[in-house]
Amino acid sequence: DKITLLAMGLRMRAVCAELRTLPRFAPKFWGVARAKRQRRWKAYYTDAHGKTRTIGYFDDQEEAALAVNAAIRAEGLTQRRKTNPVVDGRPVPRPYPTD
């Protein structure tokens, strides 16, 4: 029974290590980050003077990405800042680098 428990413990460690490598809360869009304490998505951008401006907190990454695009457009920074591409009214996730 001790051997079975040891094997189960080793298997659980392997599963947990595998889950840690997955980007569960990794942002899919530019200008979006996970706010752990608020348990929401934070939308932000850098203004013309290099200062980071927080737009707000959102329940959905896509809402936050659209808010980032709107703020960058409102500031007139479309030529200087990266925006999230939008297709059919929905932002397109950025490509993740593969190992």
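The values are calculated or read from the model by the stated rules, or taken from the named source; none is laboratory data. Quantities reported herein were computed from a predicted structural model and do not represent experimental measurements. Cβ coordinates were reconstructed from backbone atoms using ideal geometry, including for glycine residues, and neighbour counts include every protein chain displayed. What goes into the accessible areas is simple: the full protein's heavy atoms, side chains included, and nothing from ligands, DNA or RNA. Shrake-Rupley method; radii C 1.70, N 1.55, O 1.52, S 1.80 Å.
Listed highest first by mean packing, meaning other Cβ atoms within 10 Å per residue, what order do 63-76, 43-56, 26-39 come in?
63-76, 26-39, 43-56
In square angstrom, what is the accessible area per residue of segment 21-95 with a 1.4 angstrom probe? Walk me through the numbers on the way to the answer.
Values: 5230 Å² over 75 residues.
With the other protein chains kept in place, segment 21-95 gives 70 Å² per residue.
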